[in-house]
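The next block holds one structure in the form of structure tokens; read it before the comments.
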Ligand SMILES: [Cu+2]
């Protein structure tokens, strides 16, 4: 957790230099559990996202009008790739309940698999690769902020995110979901 503290501190320094100091847009830390209405984070596949694994997400506005989101994961499978994105809706019992990826500029065609919209500048992608201890972290900075529309979750997927036309933004089955209020 030492690394997270440094990353969070760096984010707060950035936001703290603004004239009107904005609050962090998001901060969630939860352990994955089987679905319940009260669960902060839900595993849809306990063999790949074990019950008790921890997810921490911090989102901060940047002084230049962007947003930085940081993801830290503990207790996942070792040496494994996971896709991860910010999704529109809250977690539910059904993996599809978290809805599509949040897009700053919404693709008029849904589901969105067009790289012009489904990309890491218009969406928040947080793909990770765990270390030998099942720890991973990532971060993403985009040049926009959450204003009228908001996002409600971070979803872990079975694969790293694809980028080719027709499959852009897809990353295999949804393995887990954490409720994060952006
Ligand atoms: Cu996703």
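No value in this document is a laboratory result; all are computed from the given coordinates. In this text, all values refer to a predicted model and were calculated from it rather than measured experimentally. Every residue, glycine as well, gets a Cβ built from its backbone with ideal geometry; the counts of neighbours run over all protein chains shown.
Residues of the range 36-68 being over 22 Å from residue 175 (Cα atoms) and touching a strand residue (DSSP E or B) at 6+ places or on another chain (Cβ under 8 Å), which ones?
Here is the first cut: in the range 36-68, the residues over 22 Å from residue 175 (Cα atoms) are 60-68.
The answer is 60, 61, 62, 66, 67, 68.
I'd like the full set of residues that are touching a strand residue (DSSP E or B) at 6+ places or on another chain (Cβ under 8 Å) and either within 12 Å of the ligand (Cβ to nearest atom) or farther than 16 Å from residue 124 by Cβ (or both), limited to the range 146-162.
Here is the first cut: in the range 146-162, the residues touching a strand residue (DSSP E or B) at 6+ places or on another chain (Cβ under 8 Å) are 146, 151-161.
151, 153, 154, 155, 156, 157, 158, 159, 160, 161 - these are the residues of the range 146-162 that are touching a strand residue (DSSP E or B) at 6+ places or on another chain (Cβ under 8 Å) and either within 12 Å of the ligand (Cβ to nearest atom) or farther than 16 Å from residue 124 by Cβ (or both).
Just to be sure I understand, how many residues within the range 77-110 are more than 16 Å from the ligand (Cβ to nearest atom) and in contact with a strand residue (DSSP E or B) (Cβ under 9 Å, 6 or more places away or on another chain)?
As a first pass, look at the range 77-110 and keep what is more than 16 Å from the ligand (Cβ to nearest atom): 77-80, 93, 105, 108-109.
Now drop any that are not in contact with a strand residue (DSSP E or B) (Cβ under 9 Å, 6 or more places away or on another chain), which leaves 79-80, 93.
Counting residues in the range 77-110 that are more than 16 Å from the ligand (Cβ to nearest atom) and in contact with a strand residue (DSSP E or B) (Cβ under 9 Å, 6 or more places away or on another chain) gives 3.
Of the residues that make up the range 122-141, is at least one buried (at least 20 other Cβ atoms within 10 Å of the Cβ), more than 13 Å from the chain's Cα centre (by Cα) and either within 11 Å of the ligand (Cβ to nearest atom) or farther than 23 Å from residue 41 by Cβ (or both)?
For the range 122-141, residues buried (at least 20 other Cβ atoms within 10 Å of the Cβ), more than 13 Å from the chain's Cα centre (by Cα) and either within 11 Å of the ligand (Cβ to nearest atom) or farther than 23 Å from residue 41 by Cβ (or both): present.
When you look at residue 172, is it surrounded by fewer than 16 Cβ atoms within 10 Å (Cβ to Cβ), within 13 Å of the ligand (Cβ to nearest atom) and more than 12 Å from the chain's Cα centre (by Cα), yes or no?
For residue 172, the condition - surrounded by fewer than 16 Cβ atoms within 10 Å (Cβ to Cβ), within 13 Å of the ligand (Cβ to nearest atom) and more than 12 Å from the chain's Cα centre (by Cα) - is met.
State which residue pairs qualify: first residue under 20 Å from residue 145 (Cβ atoms) and inside the range 95-112, second residue more than 14 Å from the ligand (Cβ to nearest atom) and not in a loop (DSSP other than H, G, I, E, B) in any location, beta carbons under 9 Å apart, and separation of 6 or more residues or different chains.
Close Cβ pairs satisfying both conditions: 104/142.
Among (1) over 18 Å from residue 149 (Cβ atoms); (2) free of Cβ contacts under 8 Å to residues at least 12 places away in the same chain, where does residue 74 come up short?
Unmet condition: (2).
Would you check if residue 165 is surrounded by 14 or more Cβ atoms within 10 Å (Cβ to Cβ), out of contact with any strand residue (DSSP E or B) (no Cβ under 6 Å at 6 or more places or on another chain) and in contact (Cβ under 8 Å) with a residue 12 or more places away in the chain?
In short, no.
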